[in-house]
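Report on the structure given below.
The values are calculated or read from the model by the stated rules, or taken from the named source; none is laboratory data. All values reported here derive from a predicted model rather than from experimental measurement. All Cβ positions, even for glycine, are placed from backbone atoms using ideal geometry, and neighbour counts span all protein chains on display. Accessible surface areas use protein heavy atoms only, side chains included; no ligands, DNA or RNA. Shrake-Rupley method; radii C 1.70, N 1.55, O 1.52, S 1.80 Å.
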Amino acid sequence: MAFLNSNGGYYIGALLSQWNFEEIKTKETKVLTLFENFSNFDKRSFGRQIAKSPGEKTLEELLFISDETTVIHKWHKLIIDLLMNAYEFRDAFKRETLDRVVQEYDSSDTKLKLLTVFNQDAWSRNYLRFCGGLKLIMEECSDSFDTKTFFIAKNLSFFMHDSEGLIHICRNDAFLDKILFLLQKYCNETKDKDCPPPESKITLRPDSPNFLQHLEEKRQNMNITNFYVDFADLEASIPAQGSSSPRIRSAWSPSASRTSASPSPSPSPSSSTFSDDESDTAWITHPKKEDIGWYSDSEMDDEQKEMCREKRRDKIVLYLLDVVDWLTHYPENHLQLLRKPVFETLIALSSTELPITAISKACRSIKRLIRSEESLPYLFGLKLHLHIISLIRRPCLMHRYADRCSRCEDRRKFGREVLEELSLQANSGAGWNFMQELLKSDNPDTLFFAFSTALTLIRNVQYRSRLFYFYDILTKLHDALKSILKIAANEGNKFINPDDGNEESNSNLVEDIHTSRVASLKENEPKLEAILFSFASLLSHKMQSAILETQTEPFPLDSTDEICRLENSEIPPEKQIRFKNVNGEILVTADRDSLCAYSEYYRGMFENDFAEKLQGQQDFIFGNEGMYIKDEQFVKFIHLLSGCKKSECVAVDETSTCVSLIYLADKYLATDLLETMFLPTGIAGRFITGSTLSSFVPIILTCLSTHGKFSDLFFFVFLRYASMNEICESLAESLSFSSGDTFCDLFKEFLQRCISSLPIHQSYRLWI
């Protein structure tokens, strides 16, 4: 330290200038050892003193020696280290050195590192653009996560506040494509990883459909379990007092354009996880002087190489995301960035394991591009709102009862915020005028896209009224859904042979018919997805609260009895009602009085002068019920009609059992049983999930008792908690019972109730 404090670096530089140059190039001299020792001790001070010494010229000449010897390698590493840490040393090289590097450039690591190191200073960044050095740097960036790409990406961080440099980078289409390719490559390598397991020991919520199997465990944990409610996000959708209208962005924020012509409204930041008022300085830091794999990792074994590559890859992605983030700060770059690959890449990055800080950068970058004055034609043309589906409909968010992944919750909030920004643009004067032009298009595809986009994004009360009454947009999309179902139905009908009377042969074709209909629906999946996504935007928090008003309550523990009423009661012979299957086997014997007490069907049959009463009929054949029902499920239904409460007799532990009981209760007018099952805390609603939707389709279409709150819950789950595969399965199942018109009509009635629940005040919040 004392030596350096006395300007010792100057004297070592002077010593170097007097040394024989040929010996310096070929031998590990003492002066090389001195350079290594003092450089390791204090690069900053040593480089500053060397810059003013006569040895600076010698070091400059050493840089241009291309021999791949160990001695030259050490000298190059020392010089690059000093250049990175001492700006005085970089200043000493001057512009002539940069010109010489560009003229003699041979794609060597040393010359590339020399150019990238000079990104740190304003004067050198400016001259690199002038002399072509920046272009060489961008051309050398490869399409793999190697050390060269890492060094280039890391040193691009110094362009953070260089507007001219960023504009120059943005105009290099080849380099921008490389950035997007590397980011997409990272997304492809990491997108298949599952969400982290929940920290809670209980993986299902207490209102899970299989609660009967885990009743004791639930009882023990009932007081300490956090109920994860279906509408946990509704509170964020309810604006705080005084913030019901969008705020005006009057102050500068990191995501706002520098030269915005006029302030634009934006949702209140109180509910935003990715608030634009958060300064970028909290997220952006310059690269550290150390880096991974300075020259090569060839000496590592395979396992070490892979670990090093993954670490290097993760850092490269963060550096490149920073570059894209800075580019979006300047309106001059927006025209170059308003293209599909940019949005797709930023959205895909949000589905990876990047830190939440990086995901928030991607969010703010998209929102800046959306706010651009030139963005309207591009945004509607790119169908950006449809790409956001991947963030909102996350797999772990689609299960109605499982604990949500906190990262996916953040991604869904991000997706909603982006849609809110899109909605703000669409509801502006220019946005509405542009949307009207699309709504008047003669092109069917453009018109369909305009309908789905307008229904999702238009939130202005006046504009929305014109959509519903002047353009009749709900009917148009409803007809499009009917058309898709009709095509699928016709595909399945091709397998039906009306001349074939063989019942067994026809039954073998059921699976083929169903498969062909599902395949047809998947062929139209983009249109189907656009329709359902726009319909889902009509689910206001008011409607969701009405549907799920009691879903947070723990299920009631019904009183049970260990005595079966049918097995332990003596039924007089004249009052015995025997139920047999199609093979003539007696399934169960019930008391006629109990059946009349719980079923209006049997009460009307035996208390009025019908044939069954007049003929004294006591044997009934079960098997022609209109849908497939197992023998044991019918027996369970008779136990319930008889008032039996023994858990083994009446336990409902399967979806098919629940569906069968509802169908039988509706057919035989067991109103008390239906009311019990359809209670807000009843068992029927708790079995409806995305995976069980197709099982409930038959009773939704054939049972009048299911219409109302139960059908609202069905369609709510259909829009909110069903994947596209599950939706296609449910729609194909609906075609097995009707042409699809019945399903569509019930669906339209539900959507009309959703529309009536939309807020009458102007709101840009989306409830997808």
Apply the a/c threshold of 1.5 to the C-alpha gyration tensor of region 1-101 and tell me whether it is rounded, prolate or oblate. oblate
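Report relative contact order for region 86-175 in percent, whole number only (criteria: Cα-Cα under 8 Å, sequence separation at least 6).
Numbers: 66 pairs, mean separation 24.5, N = 90.
It comes to 27 percent, rounded to a whole number.
Using a probe radius of 1.4 Å on heavy atoms only, what accessible surface per residue do you get for region 635-719? Whole Å² is fine. Walk me through the intermediate numbers first.
On the way: 2580 Å² over 85 residues.
Per-residue accessible area for region 635-719 comes out at 30 Å².
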Between THR475 and ASP609, what FRET efficiency comes out of the Förster formula 1/(1 + (r/R0)^6) with R0 = 35 Å and r the beta carbon distance, rounded to 0.05? 0.10
Can you tell me the length gained on complete extension of the stretch ARG466 to LYS185, counting 0.36 nm per residue apart and subtracting the Cα distance? 96.7 nm
Run the count for region 392-547, please: Lys pairs, Cα-Cα under 28 angstrom, 8 or more apart or on different chains. 22
Roughly to the nearest percent, how much of the accessible area of region 86-180 is carbon and sulfur, given a 1.4 Å probe? 47
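Please find the FRET efficiency linking LYS440 to GLU525, where r is the Cβ-Cβ separation and R0 is fixed at 41 Å, and quote it to the nearest 0.05.
Working: r = 27 Å, r/R0 = 0.67.
About 0.90, to the nearest 0.05.
Using only the Cα atoms of region 382-449, build the gyration tensor, take square roots of its eigenvalues as a ≥ b ≥ c, and label the shape rounded, prolate or oblate: rounded if a/c is under 1.5, else prolate if a/b is larger than b/c, else oblate. Can you show the working numbers first?
Details: a/c = 4.22, a/b = 2.15, b/c = 1.96.
Judged from the Cα gyration tensor, region 382-449 comes out prolate (a/c at least 1.5, a/b above b/c).
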Given a Förster distance of 41 angstrom, what is the FRET efficiency for PHE620 paired with ILE755, based on the Cβ-Cβ distance and rounded to 0.05? 0.35
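What Kirkwood hydrodynamic radius do you get for region 580-717 when you take the inverse of the mean 1/r over all pairs of distinct Cα atoms, in Å?
Working: mean 1/r = 0.0634 Å⁻¹.
It works out to 15.8 Å.
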5 Å is the cut-off here: which amide hydrogens, built 1.01 Å from N in the peptide plane, fall below it relative to VAL588, excluding neighbours closer than 5 in sequence? PHE579
Peptides ranked, highest mean first, by Cβ atoms within 10 Å: ranges 349-361, 517-529: 349-361, 517-529
Note down the relative contact order for region 382-523 as a percent, whole number, built from C-alpha pairs under 8 angstrom at least six residues apart. 15
Gain in span if fully extended, LYS57 to ARG95, counting 0.36 nm per residue against the direct Cα distance: 12.3 nm
Just the accessible area per residue of region 1-148, please: how many Å² with a 1.4 Å probe? 46
Carbon and sulfur together cover what percent of the accessible area of region 341-421 at a 1.4 Å probe radius? 56
Residue-span extension gain [ASP512 to ILE586] - 0.36 nm each, minus C-alpha spacing: 23.2 nm
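Please report, as a whole percent, how much of the solvent-accessible surface of region 1-81 comes from carbon and sulfur atoms (probe radius 1.4 Å). Intermediate values should be presented prior to the final figure.
Details: 2090 of 4210 Å².
Within region 1-81, the accessible surface is 50 percent carbon and sulfur.
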Show me, for region 652-665, the HN-Hα J-couplings you get by feeding each phi into the Karplus relation (A = 6.51, B = -1.76, C = 1.60, θ = phi - 60°), rounded to Hz, glycine and proline as x. 10, 10, 9, 5, 4, 5, 4, 5, 5, 5, 5, 5, 5, 5
Mean Cβ-within-10 Å packing, highest first, puts peptides 334-346, 448-460 in the order 448-460, 334-346
Order 100-106, 39-45 from most to least packed using the mean count of other Cβ atoms within 10 Å. 39-45, 100-106
Region 1-129 - percent relative contact order, Cα under 8 Å, separation 6 or more: 25
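Please calculate how many Å² of accessible area region 394-465 carries per residue, with a 1.4 Å probe and no DNA, RNA or ligand atoms counted. If you can, show how the numbers build up before the last one.
Values: 2430 Å² over 72 residues.
Per-residue value: 34 Å².
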Indicate the gyration tensor shape class of region 46-111 (rounded, prolate or oblate), computed on the Cα atoms with a ≥ b ≥ c the square roots of the eigenvalues: a/c under 1.5 is rounded; otherwise a/b larger than b/c is prolate and the rest oblate. oblate
